[in-house]
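Data block below; observations after.
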Amino acid sequence: MVFFPRKMSERNALAALATGRHAPNAYDVLAFVLIIGLIAVIAHGVGEMHAPLNVLAQTPITLDPSRLPEYGLRTTLRMFAAMLASLLFTFTVATLAAKNKRAELVIVPALDILQSVPVLGFLTFTVAFFMRLFPGSQLGAECASIFAIFTAQAWNMAFSFYQSLRTVPQDLDEVSRGFRFSAWQRFWRLEAPFAAPGLIWNMMMSMSGSWFFVVASEAITVGDTTVELPGIGSYLAHAIDHKNFVAVAWAVLAMAVLIGLYDQLLFRPIVAWADKFRFEQTAGKSQPHSWMYELMRRTRVLKRLYQPIEWLSQRMMAVRLPSIAPATRSQAAPRRPILGDRLWLAIVILAALGGGWLAVNYMRQSLDWSDVGHALAAGLATLVRVVVLIALASVIWVPIGVWIGLRPNVAQRVQPLAQFLAAFPANVLFPVAVVAIVATHANPNIWLSPLMVLGTQWYILFNVIAGASAFPGDLREVAMVYRLRSWTWWRKVILPGVFPYYVTGALTASGGSWNASIVAELANWGDTRVEAFGLGSYIARATQAGNYPRVVLGIAVMSLFVTLLNRVLWRRLYVFAERRLRLA
């Protein structure tokens, strides 16, 4: 698991022996065609993002299916721009939280709160900022939309990377220290490779999960401000408003095509490449495959063009930068708090109290205690829904995820289907839910609840698949030698092995369900609206009315409930997984 660079001369010699010649081959031609086509498509989409803002009014969203390729391109570019920002956020913020105890004291609670803040909550306060930042240009609205998608992706990836960095096997860490790796070298040669399989699965989940909020991020309505960006989300919003089932079907088909394309061209090659980072001490029986990955491996000219970049990356990983944190591991014996730690804790508490006082002072100008009581009661109703739904999703998807993850061939086939199901927006099911509830006079407080977990249950499945896929083959073989079967095998072998991954998935699914309550507890189909009592519908109504004090109150109550749930349950499970169930 500790990786060392091969000398350039040896690598070049091996490449020369393997190929026998240096002339371009058919794989080079196909690869160049794909790359040039991709560059042209991206350049076209980026150019459209810089168009004047008045172009949006001149070319309104249409339900013509021939416009879906253009809309799909714009939506995909926004999602990948948000993904790049999420990766940068993950590698910096999650690493800092895992390496520095003082930073962890601030970052982990902040992530708990931020993942509970609904996308509409971010849009309420960011649309005006970005529009003023790029006046007269679509780029302001594009940035607001990208930021909203970022908030649907970043927290899951950050928690996954944080959990992986905290559970690096002790023996591998000791080997890296025996080689006197600096913190920078240890990160790139040990910790990042060890975290790669779980992070990649969570990238796919974040990419798919962000489709759930594409409608809110492209068809933006905050008070009197309405912006509709060209994209599948806006197309779907128009289809729902006009009760056009055919247009809804076209939108779902376009989503399926896009998911299949970026799965084949990007995610499946990355999964095949990252398989070499699995923590194994015995040879794996089967490996994931990708035609795109094999195509790139068999090119000749393209690999030679990539060699300078590879050489530069190896040199950068060899740099010995000083550590940003003490070298002791987080599992070491606790030390007595010193004055600096106490001072930092005092600063954090004072900052939290100051922020809370500003929020309270803002809300008290137009709200009273009855509003607070109503919001708390709504929060309790949503809390019950979240707890019940996460428990049911865990019972269903943990066994299925283990079964898939232990079979790479099955995981390879299930991967695109799981991504599509995770990307399937609950908005598409609103017509069915609304019509069925109105026709049967069913209780919306019960039957709207499943819409909350439709887009977030997949966090559990994807993380369990990632945990089972990364489960060491030698431990599986030991279990077979000792003939551990049935419940003993689940209790002693696989559940402890996937538990850290499950906690990450369940934690993110819980936060995502709170977020999804914004669109699930207030469903509409044209002029017909069905509402369930809960905090999500409370925030949605306040956002549509432009009632900012109630929006702030709803977000504050939601953050309070999510933080308490995380502190009481999920954080304790994190600590248990870190101390008792890490591979050592």
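The values are calculated or read from the model by the stated rules, or taken from the named source; none is laboratory data. Bear in mind that the values here come from a model prediction, so they are computed numbers and not experimental data. Note that we place each Cβ from the backbone using ideal geometry, even for glycine, and neighbour counts take in every protein chain shown. Calculation scope for accessible area: heavy atoms of the full protein, side chains included, ligands and nucleic acids excluded. Shrake-Rupley method; radii C 1.70, N 1.55, O 1.52, S 1.80 Å.
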Extending each Cα 7 Å along its Cβ direction at R342 and I446, get the distance between those two points in nm, one decimal. 5.6
Hey, can you list the DSSP H helices of the chain whose Cα span along the axis is 30 Å or longer and whose average Kyte-Doolittle score is at least -0.5? 26-49, 68-89, 138-166, 339-363, 369-405, 495-520
Determine the equivalent ellipsoid of segment 518-581 by diagonalising the alpha-carbon gyration tensor, then write out the semi-axes as square roots of 5 times the eigenvalues, largest first, rounded to whole Å. 33, 15, 7
Report the net charge of residues surrounding L507, where surrounding means a beta-carbon distance below 15 angstrom and charges are Lys +1, Arg +1, Asp -1, Glu -1. +2
Overall form of segment 23-117 per C-alpha gyration tensor (a/c, 1.5; a/b vs b/c): oblate
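Can you tally the net charge around W525? Count Lys and Arg as +1, Asp and Glu as -1, for every other residue whose Cβ sits under 10 Å from the Cβ of W525.
Working: positive: K243, R529; negative: D241, D527.
Computed value for this residue: 0.
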Do the sum for the chain: with -39,500 (n - 2.57) for every DSSP H run of n ≥ 4, divided by all residues, what is the mean residue ellipticity at 222 nm, to the nearest 500 deg cm²/dmol? -22500 deg cm²/dmol
Semi-axes of the chain's equivalent ellipsoid from the Cα gyration tensor, sqrt of 5 times each eigenvalue, largest first, rounded to whole Å? 39, 31, 25
State the extension gain, in nm to one decimal, for the chain segment bounded by V46 and R298, taking 0.36 nm per residue of separation less the distance between their alpha-carbons. 87.6 nm
How large, in percent, is the carbon and sulfur part of the accessible surface of segment 428-562 at a probe radius of 1.4 Å? 62
